[in-house]
Amino acid sequence: LFQVVHAHKPHFMALHCQEFGGKNYEASMSHVDKFVKELLSSDAMKDYNRARVYLDENYKSQEHFTALGSFYFLHESLKNIYQFDFKAKKYKKVTGKEIYSDTLESTPMLEKEKFPQDYFPECKWSRKGFIRTRWCITDCAFDLVNIHLFHDASNLIAWETSPSVYSGIRHKALGYVLDRIIDQRFEKVSYFVFGDFNFRLDAKAVVETLCAKATMQTIRAADTNEVVKLIFRESDNDRKVMLQLEKKLFDYFNQDVFRDNNGTALLEFDRELSVFKDRLYELDISFPPSYPYSEDSSQGRQYMNTRCPAWCDRILMSHSAKELILKSENDEKIVIYDHIGPNVCMGDHKPVFLSFRIAAGAGKPIANVHKCCVVQ
């Protein structure tokens, strides 16, 4: 992370995190505060003299807990930056460093929501949801939305239909968020939505392509007759096993297909965003699938054999935000969409980042700036 900050020297930096405290958050949440203090006091971040940190650490409230963390760092050279107060419906100048944790519901500087339980009933303690903040920099107003969508609970169920049932659940949840951030309560501004969308490749199409010439063996549980495993073998070549599929196993014999040329051959199966093409824009992907990486610290480039590798982690934007960043582009390439730490173990997800410049006043055609950025 610090290497990327040093290389791009952003004046405004937004860092969105999910699953704060990890899977065993009750035991591990104590490490979060140490991490935050280290980040804020680190030498790499010394030129960022203002910061806002929002941590949803209140795991005892199952009704509200999302385990989301949103960090915003402002470089000392950046003048006149404002954050929106959703309760007072006005912008306030950002000064100093502030950390908000535990109950974010009472913080007027953000909107936070956990998705309704009935969106994904099989996951009793789902922490999926979103946090939204609004900013105004150089006369340009925009929303930043930290989002975490629902995962695939079973490879076998994901494989059954195209698109999968899980894809439909994510579609519904993302649609809910987009409707929420452009509803009538506040003025419409450009928005960036980034985090773990859990977008998966179309499992049925991927398996049919990877195992086009294979024969499939179905293994069922003796007591329930339920399918518990699928084995795909080459028709010849001593019937070599190409793929084994279980609820939480996706063991393909050749991982290189996901890494070679950044997995570009599989991008055609990344279809979940197509439903939103009228509402969301994404720069071209030029990095390998961001999930599921091995959690073995010595295996930074290796995928786990639990899921089919996919581009779960994304940075998306409204079409007005696209105009904002591309209009600001000069001759040099200043818009970069990439992943962080390709050879370093950073957990099962590899972070992605988007670096761009916004020219002063770039947002004027979009927002009624003189009205929206007045501080009262």
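The values are calculated or read from the model by the stated rules, or taken from the named source; none is laboratory data. This one's a predicted model, so the numbers in the text were calculated from it and none came from an experiment. So basically every Cβ, Gly included, is an ideal-geometry build from the backbone, and we count neighbours across all protein chains shown. In case anyone asks, the SASA skips ligands and DNA or RNA and just uses the protein heavy atoms, side chains included. Shrake-Rupley method; radii C 1.70, N 1.55, O 1.52, S 1.80 Å.
Please enumerate the residues belonging to the range 154-171 that are touching a Phe, Trp or Tyr at 6+ places or on another chain (Cβ under 7 Å) and closer than 30 Å to residue 326 by Cβ. Step through it out loud before you land on a result.
From the range 154-171, those touching a Phe, Trp or Tyr at 6+ places or on another chain (Cβ under 7 Å) are 155, 158, 166, 169-170; that's our starting set.
Listed by number, the list holds a single entry, 170.
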Scanning the range 208-241 for residues that are touching a Phe, Trp or Tyr at 6+ places or on another chain (Cβ under 6 Å) and aliphatic (A, V, I, L, M), the one most open to solvent (accessible area, probe 1.4 Å) turns out to be 216
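Suppose we keep only residues that are assigned to a loop (DSSP other than H, G, I, E, B) and in contact (Cβ under 8 Å) with a residue 40 or more places away in the chain within the range 113-129. Which one would you say is surrounded by the most Cβ atoms within 10 Å (Cβ to Cβ)?
Quick first cut of the range 113-129, residues assigned to a loop (DSSP other than H, G, I, E, B) only: 115-116, 120-128.
Now drop any that are not in contact (Cβ under 8 Å) with a residue 40 or more places away in the chain, which leaves 115, 120, 125, 127-128.
Numbers: 115: 21, 120: 20, 125: 8, 127: 21, 128: 23.
Checked the range 113-129; the qualifying residue surrounded by the most Cβ atoms within 10 Å (Cβ to Cβ) is 128.
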By residue number, the members of the range 218-241 that are under 21 Å from residue 157 (Cβ atoms) and either touching a residue at least 12 places away in the same chain (Cβ under 8 Å) or in contact with a Leu (Cβ under 8 Å, 6 or more places away or on another chain) (or both) are 218, 219, 227, 228, 229, 230, 231, 232
- Message: Quick check on residue 171: is it part of a helix (DSSP H, G or I), within 30 Å of residue 190 (Cα to Cα) and not aromatic (Phe, Trp, Tyr)?
- Response: yes
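Out of the residues in the range 193-204 meeting the condition of being open to solvent by less than 40 Å² (accessible area, probe 1.4 Å) and not aromatic (Phe, Trp, Tyr), tell me which one is farthest from the chain's Cα centre (by Cα). First the steps, then the outcome.
Taking the range 193-204 as the starting set, the residues that turn out to be open to solvent by less than 40 Å² (accessible area, probe 1.4 Å) are 193-203.
Pick out the ones that are also not aromatic (Phe, Trp, Tyr) and you get 193, 195-196, 198, 200-203.
Details: 193: 8, 195: 2, 196: 3, 198: 8, 200: 13, 201: 16, 202: 18, 203: 20 Å.
Of everything passing the filter in the range 193-204, 203 is farthest from the chain's Cα centre (by Cα).
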Within the range 146-160, residues closer than 28 Å to residue 69 by Cβ, of a type in the set (D, E, K, R) and open to solvent by 40 Å² or more (accessible area, probe 1.4 Å) come out as none
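A quick yes/no check of all residues on (1) touching a helix residue (DSSP H, G or I) at 6+ places or on another chain (Cβ under 9 Å); (2) outside any helix (DSSP H, G or I); (3) open to solvent by less than 80 Å² (accessible area, probe 1.4 Å):
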site	(1), (2), (3)
162	yes, yes, yes
166	yes, no, yes
177	no, no, yes
187	yes, yes, yes
191	yes, yes, yes
206	yes, no, yes
254	yes, yes, yes
Considering the range 15-73, residues that are under 27 Å from residue 197 (Cβ atoms) and of a type in the set (S, T, N, Q), and then whichever is most open to solvent (accessible area, probe 1.4 Å), we arrive at 24
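Identify, from the list 254, 155, 225, the residue that is under 15 Å from residue 310 (Cβ atoms) and not acidic (Asp, Glu). Show your work before the answer.
On the way: 254 fails: under 15 Å from residue 310 (Cβ atoms); 225 fails: under 15 Å from residue 310 (Cβ atoms).
After applying the criteria, what remains is 155.
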Here the qualifying pairs (Cβ atoms under 8 Å; residues six or more apart or on different chains; first in the range 296-308 and more than 20 Å from residue 262 (Cβ to Cβ); second of a type in the set (Lys, Arg)) come out as 306/248
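Got a sec? Which of 166, 119 is over 18 Å from residue 248 (Cα atoms), out of contact with any Gly (no Cβ under 9 Å at 6 or more places or on another chain) and not basic (Lys, Arg)? Step through it out loud before you land on a result.
Working: 166 fails: over 18 Å from residue 248 (Cα atoms).
Unique residue meeting the criteria: 119.
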When every residue in the range 74-89 that is within 28 Å of the chain's Cα centre (by Cα) and basic (Lys, Arg) is compared, the one least open to solvent (accessible area, probe 1.4 Å) is 89
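Mind checking which residues of the range 91-112 are open to solvent by 40 Å² or more (accessible area, probe 1.4 Å) and either at pLDDT below 95 or not in a loop (DSSP other than H, G, I, E, B) (or both)? Walk me through how you get there before you give the answer.
If we filter the range 91-112 for residues that are open to solvent by 40 Å² or more (accessible area, probe 1.4 Å), which is where we start, we get 92-93, 95, 97-103, 105-106, 108.
Once the filter is applied, which keeps residues that are open to solvent by 40 Å² or more (accessible area, probe 1.4 Å) and either at pLDDT below 95 or not in a loop (DSSP other than H, G, I, E, B) (or both), the range 91-112 yields 92, 93, 97, 98, 99, 100, 101, 102, 103, 105, 106.
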